[in-house]
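A quick write-up on the structure given underneath.
The values are calculated or read from the model by the stated rules, or taken from the named source; none is laboratory data. Since the model is a prediction, treat every value here as computed from it, not as a measurement. Glycine also receives a Cβ, built like all others from the backbone with ideal geometry; neighbour counts cover every protein chain displayed. Heads up: the accessible areas ignore ligands, DNA and RNA and are worked out on the full protein's heavy atoms, side chains in. Shrake-Rupley method; radii C 1.70, N 1.55, O 1.52, S 1.80 Å.
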Amino acid sequence: MTSGDGRSHMELALAEGRAAAARGEVPVGAVVVGSAGNVLARAGNRTRELNDPTAHAEVLAIRAACAALGDERLTGCDLYATLEPCPMCAGAISFARIRRLYYGATDPKSGGVEHGARVFSQATCHHAPEIYAGLGEAEATELLRAFFGALRGNL
């Protein structure tokens, strides 16, 4: 995979994050890419819309990619997320056997990869993807900052 491919996949995840923000959701987007570089699924947060606390972008994208492949495993697939996955999403990434995880902004408060639970570092974790942090970090951070700033009336 070239860095240009990864950048374009993160752009799709950012577009999903912007669409989530337009729906009033926390602006997080995710994209699952197959081993051939094809986009299998893309999603943005829908927790409020679906009244479902598990409807995070990563989980929705994983569900859709599994359905597209007809398999509960996404071996050989990569996931691009605009924000460091939370512990729930990190667990789903592990169970789906995602090959590589790319994410933009870190999440010191609720992250589950680099912060908090550090799911992939636990002895009980059956599969840990290769992790690449910081792809599209500036854009992802700004998207979140603008969303929460508007909620607080700071913009």
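Among the residues making up region 135-152, those that are among the charged types (D, E, K, R) and in a helix (DSSP H, G or I) are 137, 139, 142, 145.
Summed over region 99-117, the residues that are under 24 Å from residue 138 (Cβ atoms), assigned to a loop (DSSP other than H, G, I, E, B) and not acidic (Asp, Glu) give a count of 9.
Per-residue answers, yes or no, for (1) modelled with pLDDT under 95; (2) closer than 23 Å to residue 37 by Cα; (3) surrounded by 17 or more Cβ atoms within 10 Å (Cβ to Cβ):
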| site | (1), (2), (3) |
| --- | --- |
| 98 | no, yes, yes |
| 118 | no, no, no |
| 121 | no, no, no |
| 127 | no, yes, no |
| 130 | no, yes, no |
| 140 | no, yes, yes |
| 144 | no, no, yes |
| 149 | yes, no, no |
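Of the set (1) at pLDDT 95 or above; (2) outside any helix (DSSP H, G or I); (3) more than 13 Å from the chain's Cα centre (by Cα); (4) not aromatic (Phe, Trp, Tyr), all apply to residue 32 but (3). Is it the case that some residue within region 100-113 is touching a His at 6+ places or on another chain (Cβ under 7 Å) and touching a residue at least 60 places away in the same chain (Cβ under 8 Å)? Checking region 100-113: not a single residue is touching a His at 6+ places or on another chain (Cβ under 7 Å) and touching a residue at least 60 places away in the same chain (Cβ under 8 Å). Are any of the residues in region 16-28 within 21 Å of residue 136 (Cβ to Cβ), open to solvent by 70 Å² or more (accessible area, probe 1.4 Å) and either touching a residue at least 60 places away in the same chain (Cβ under 8 Å) or touching a Phe, Trp or Tyr at 6+ places or on another chain (Cβ under 9 Å) (or both)? The answer is yes; a qualifying residue exists.
Within region 38-52, the set of residues being open to solvent by 40 Å² or more (accessible area, probe 1.4 Å), in contact (Cβ under 8 Å) with a residue 24 or more places away in the chain and not in a strand (DSSP E or B) comprises 46, 48, 49.
Among the residues of region 70-89, the one identified as surrounded by fewer than 24 Cβ atoms within 10 Å (Cβ to Cβ) and either under 21 Å from residue 22 (Cβ atoms) or basic (Lys, Arg) (or both) is 73. Taken over region 75-95, the residue count meeting the criterion of being touching a Pro at 6+ places or on another chain (Cβ under 9 Å), hydrophobic (A, V, I, L, M, F, W, C) and more than 13 Å from residue 56 (Cα to Cα) is 1.
Just one of the listed residues (61, 55, 92, 67) is outside any loop (DSSP other than H, G, I, E, B), open to solvent by less than 10 Å² (accessible area, probe 1.4 Å) and not β-branched (Val, Ile, Thr), and it is 61.
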